[in-house]
């Protein structure tokens, strides 16, 4: 196994943590809400055999600091771009899980020449619905009252009911790590997701490789909506078993799929 190199640099005087491993064409793995770059650890040994793999902790998550009151998708895309500049990488393929997919599309809109492929993993180009925005507002209130309870509930709700027992230890590990994230960073990400724009046209107009992996039991992203959006945007859509956490719930398939399109 090639050694993983972990580094920190400052963006607007705030530390940003990232890791690199392997050699070859670059693949950037962008984690979701209440996750960190650690989410990709089990995939990296497989993907790094033929590629340079880059993982980044988004602001307010993992070991990266909080930048502002709202972490917009555009701000996080700029952090990704600054990381690539730091590494002197001109273009890459992007795999975005959930919130990471929102950031990947923001990046594609801001820096289209730097994107070779887009893989949306349990993610969507659509903006939040009104109901979803109300849920975000409720989440912000719950966090102010009891952040620990919110984190535990939110992470558990990412998994399909059929996965609870099988992935008990993984769920506990995710919750434990997320408990270490600063509350202001969690709230900043929620606000950024709530206010993100619809990027369906960005995905539709992207004329390179574009893929969506959606799960049958995803409690966050209704499969029918995701499938329609994917077809409208001319995306190669793959429907798999499991819930919102496909890299855990359907690990072996995700490894094979990403190696195939990487």
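Show me the ranking of peptides 40-49, 3-12, 145-154 by mean Cβ neighbours inside 10 Å, starting with the highest.
The packing order, highest mean first, is 40-49, 145-154, 3-12.
For the pair residue 10 and residue 198, how long in nm is the line joining their label points, each one 7 Å along Cα→Cβ?
About 4.2 nm separates the two model spin labels.
Just order 96-109, 233-246, 158-171 by mean Cβ neighbour count inside 10 Å, highest at the front, would you? The partial results should precede the final answer.
Numbers: 96-109: 27.1, 233-246: 19.2, 158-171: 15.5.
So the peptides 96-109, 233-246, 158-171, ranked by packing, come out 96-109, 233-246, 158-171.
Full extension from residue 132 to residue 173: what is 0.36 nm times the residue separation minus their Cα-Cα distance, to one decimal in nm? Mind dumping the intermediate values first?
Values: separation 41, 0.36 × 41 = 14.76 nm, distance 2.66 nm.
Extra length from residue 132 to residue 173 when fully extended: 12.1 nm.
What share of the DSSP beta bridges in region 1-82 is antiparallel, in percent to the nearest 5?
Antiparallel: roughly 65 percent of the beta bridges in region 1-82.
Which whole-angstrom value gives the distance between the alpha carbon centres of region 37-100 and region 193-254?
19 Å
For 255, 115, which order do you get if you count the other beta carbons within 10 Å of each Cβ and list the fewest first? Don't skip to the end; give the middle numbers.
Values: 255 16, 115 22.
The fewest-first ordering by Cβ neighbours comes to 255, 115.
Above 14 angstrom, tally the Cα pairs of region 43-124 and express them as a % of all pairs, no decimals. Don't skip to the answer; put the middle values down first.
Working: 2138 of 3321 pairs.
Result: 64 percent of Cα pairs exceed 14 Å.
For a quick check: sort 199, 194, 132 by the number of other beta carbons within 10 angstrom, fewest at the front. Mind showing how you got there, number by number?
On the way: 199 23, 194 18, 132 14.
Ordered from fewest to most neighbouring Cβ atoms within 10 Å, 199, 194, 132 come out as 132, 194, 199.
For the chain, what is the mean residue ellipticity at 222 nm derived from helices alone (per DSSP H run of n ≥ 4: -39500 (n - 2.57); sum divided by total residues; nearest 500 deg cm²/dmol)? Mind dumping the intermediate values first?
Details: 11 runs with 111 residues, N = 262.
Roughly -12500 deg cm²/dmol at 222 nm, from the helical runs in the chain.
May I ask what percent, to the nearest 5, of DSSP beta bridges between residues of region 5-261 are antiparallel?
Details: 11 of 37 bridges.
For region 5-261, the DSSP antiparallel bridge percentage is about 30.
Sort 23, 141 so that the residue with the fewest other Cβ atoms within 10 Å of its own Cβ comes first and the one with the most comes last. It would help to have the intermediate numbers written out before the result.
Numbers: 23 13, 141 9.
Going from least to most buried by this count: 141, 23.
For the chain, set up a Gaussian network in which alpha carbons nearer than 10 Å are linked by springs, and say which option among 55, 183, 124 fluctuates the most.
Residue with maximal mean-square fluctuation among 55, 183, 124: 183.
If you wrap a convex hull around the alpha carbons of region 37-186, what volume per residue comes out, as a whole number of Å³? Numbers along the way, then the final one.
Working: hull volume 19.8 nm³, N = 150.
Residue-normalised Cα hull volume stands at 132 Å³.
Hull surface divided by four, with the convex hull built on the Cα atoms of region 1-58: how many nm²? Don't skip to the end; give the middle numbers.
Working: hull surface 16.3 nm².
In nm², the orientation-averaged hull projection of region 1-58 is 4.1.
Read-outs throughout are calculated quantities, based only on the coordinates presented, and are distinct from any laboratory measurement. Fair warning: this is a prediction, and the values are worked out from it, not measured in the lab. With ideal geometry, Cβ positions are generated from the backbone for all residues, glycine too; neighbour counts draw on all protein chains shown.
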